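What follows is a short report on a single structure.
Each reported figure results from applying straightforward, stated rules to the coordinates on display, with no laboratory input. Only a predicted model underlies this, so the values are computations on that prediction, with no experimental measurement involved. Every residue, glycine among them, receives a Cβ derived from its backbone with ideal geometry; neighbour counts consider all protein chains shown.
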Amino acid sequence: MNPNPAILHTVMRRVRTIHLLRTLAPGVVSAGLFFIALYGIGREVWVAKVFENMPSVWNLPEVLSFMANAFLHTEFLVQTFLIVAAAALVWAARSLARAMHSSSLNYV
């Protein structure tokens, strides 16, 4: 029994599309969460003033010290938004890497 190649191709294309959408869904949720957290940070903090007060970019230890002090001396809500944004960014990167890996396996 030889199935019709056109039907087989169409079905497999749809299966791959559904698999890709299931793989990307967590990444879309995490990207949305990341942008909501950034919006919250922007509502609570005058971000331009933070960058204005930051030391020179060329001096990495001072920049890291400034960032740590800025984080520790903000309100709890801003700290929460920063942690959520960092976690969502890592989650989105992980989802993107998994999606790229699984899509590359489908075409080998």
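List of remarks:
- Here the gap between T80 and H9, fully extended at 0.36 nm per residue and compared with their Cα-Cα distance, gives a gain of 20.8 nm.
- Counting charges near F81 (Lys, Arg +1; Asp, Glu -1) among other residues having Cβ under 12 Å from its Cβ returns a value of -1.
- Net +/- balance of residues flanking L8 in space, Cβ distance below 13 Å, scoring K and R +1, D and E -1: +3
- Hydrodynamic radius (Kirkwood) for the chain, which is based on Cα pairs only, to one decimal in Å: 17.2 Å
- In plain terms, the residue of I7, I41 with the fewest other Cβ atoms within 10 Å comes first and the most crowded comes last, giving I7, I41.
- Among S56, S95, a tally of other beta-carbon atoms within 10 Å of each Cβ gives an order, fewest to most, of S56, S95.
- Least to most buried among W46, W91 (fewest other Cβ within 10 Å first): W46, W91
- The simple Förster model, with R0 at 35 Å and r as the Cβ-Cβ distance, assigns S56 and R94 a FRET efficiency of 0.60.
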